Amino acid sequence: MGNVTWNRVAAEELCSTGRQERQSHHVKVTGLKNYGSTCYMNCLIQSFFVTPMFRIQLNEWQHLENKIIADLQGIFMNLERGLQSVDTYNLANSLNHLKWTVNKQQDLEEFFQMVINAIDVEDVRKVYEVALLDSLTCLRCNTETTTMLSYLDISLPLSMDASARLEGALQHFLEEEDMKGEDKPFCEKCKTKQIMRKKGSFVTLPQVLVIHLNRFVYDIQHQRHVKLERPVDIPHTLRFKKDSVGYVPVCQTDENLEEILRRRDGNPDKDPGYEHFKLFSICVHCGDLERGHYYAYIRHHENDQWYLCNDSAVRKTDWSYIRVKLRMKDARNDSDVRWRNLHNKVQSSTNRHSTAILLMYERCL
């Protein structure tokens, strides 16, 4: 594994240059060819392409014996040129050599982790890694044990309930939980299994926060695996507060957070103790456990425009349409008649089972 220095300044300059050129630069977003069930791969490539930190790390890597890196560099070059339906055959072939079955519906989170591990560059991992501190406290002897773990993404379990909000799911992920019954851990001091209190904390947050909505679960009542179709209200922006242990997600509306960011005007000292993240990629799955299709909504860093990327088909879209398509207001039980009419109009011509499954947020500098 080589040593690549993370160039945060270069990433800031890339984003800044894009903002300065919005009025004169024509942003090109190009589709990707599907070679048979490779839609999941196309989703991730488009998401990587609009991640400046990821692209800078890859472009700095000159040792092309790593075929995954070389293939992604070639794809990015063609995407930048705006070529029609960019070819991904070389990458698919390299993945096959890694014993990854390309032409079969795959789990997108597993594919994301596999690609990062195959790239095998430490500073690429640092772009995504989040550190989680797990603590277990024995309720009999009060002995506490802690474990520090690093993850490339946060995998949020969803329940069978009808609706949810992302911030609430993040908070629930970190909530205290008593482990009892068959889940009781072994206490080294008591020398027996004991009821323990488990709690998690985000100790460090990455440049790009990847959140996986775990929709494929085992339904105990019906004794089978199912896909949870419940809508999740996904905020355009996320805010985390620093406490004595780590970072805690804050429930707040997009409108309020956007106002906070405007007041900051790029100066983090104006909002001390908080970290802010802005959504730029939503990978969507439509279908069920046996068959389905992936597509992505991406926000280009150069013009702040949202695009719908569905293999070779690409078109502009906006945040209002995305919220309707993914039924986000269903998660808030909103009774707005105008919104419901728009929702019905959009859903009548699209698959009703389109659900967000992988989200990417970039840290606001």
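Regarding residue 126, is this residue in contact (Cβ under 8 Å) with a residue 40 or more places away in the chain, open to solvent by 40 Å² or more (accessible area, probe 1.4 Å) and either among the aromatic types (Phe, Trp, Tyr) or out of contact with any Ser or Thr (no Cβ under 6 Å at 6 or more places or on another chain) (or both)? Break it down stepwise before answering.
Numbers: in contact (Cβ under 8 Å) with a residue 40 or more places away in the chain: yes; open to solvent by 40 Å² or more (accessible area, probe 1.4 Å): yes; either among the aromatic types (Phe, Trp, Tyr) or out of contact with any Ser or Thr (no Cβ under 6 Å at 6 or more places or on another chain) (or both): yes.
Spelling it out, residue 126 is indeed in contact (Cβ under 8 Å) with a residue 40 or more places away in the chain, open to solvent by 40 Å² or more (accessible area, probe 1.4 Å) and either among the aromatic types (Phe, Trp, Tyr) or out of contact with any Ser or Thr (no Cβ under 6 Å at 6 or more places or on another chain) (or both).
Quick check, is residue 122 at pLDDT 90 or above, within 30 Å of residue 52 (Cα to Cα), charged (D, E, K, R) and out of contact with any strand residue (DSSP E or B) (no Cβ under 6 Å at 6 or more places or on another chain)? Taking the combined requirement at face value, the residue satisfies it.
Quick grid of which residues meet (1) in contact with a helix residue (DSSP H, G or I) (Cβ under 9 Å, 6 or more places away or on another chain); (2) under 23 Å from residue 102 (Cβ atoms); (3) open to solvent by less than 50 Å² (accessible area, probe 1.4 Å):
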position	(1), (2), (3)
281	yes, yes, yes
284	yes, yes, yes
287	no, yes, yes
310	yes, yes, no
313	no, yes, no
317	yes, no, yes
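Taken as a whole, the range 15-34 holds no residue that is within 28 Å of residue 99 (Cβ to Cβ) and modelled with pLDDT under 90.
Can you pull out the helices (runs of 4 or more DSSP H) entirely within the range 95-182 that have at least 2 residues that are farther than 27 Å from residue 66 by Cα? I'd like the intermediate steps shown before the answer.
Numbers: elements: 108-119, 122-128, 166-174.
Where helices (runs of 4 or more DSSP H) fall fully within the range 95-182 and carry at least 2 residues being farther than 27 Å from residue 66 by Cα, they are 166-174.
The set of residues from the range 178-206 being in contact (Cβ under 8 Å) with a residue 60 or more places away in the chain and open to solvent by 30 Å² or more (accessible area, probe 1.4 Å) comprises 197, 198, 199, 203, 204.
Any idea how many residues of the range 60-94 are part of a helix (DSSP H, G or I) and either open to solvent by less than 80 Å² (accessible area, probe 1.4 Å) or in contact with a Leu (Cβ under 6 Å, 6 or more places away or on another chain) (or both)?
Here is the first cut: in the range 60-94, the residues part of a helix (DSSP H, G or I) are 60, 67-81, 89-94.
Filter once more, keeping what is either open to solvent by less than 80 Å² (accessible area, probe 1.4 Å) or in contact with a Leu (Cβ under 6 Å, 6 or more places away or on another chain) (or both): 60, 68-76, 78-79, 91-94.
Residues in the range 60-94 being part of a helix (DSSP H, G or I) and either open to solvent by less than 80 Å² (accessible area, probe 1.4 Å) or in contact with a Leu (Cβ under 6 Å, 6 or more places away or on another chain) (or both): 16 in total.
The values are calculated or read from the model by the stated rules, or taken from the named source; none is laboratory data. A quick note: this is a predicted structure, and the numbers were derived from the prediction, not measured. Note that we place each Cβ from the backbone using ideal geometry, even for glycine, and neighbour counts take in every protein chain shown. Each accessible area value is taken on the protein alone, full model and side chains, heavy atoms only, with ligands, DNA and RNA left out. Shrake-Rupley method; radii C 1.70, N 1.55, O 1.52, S 1.80 Å.
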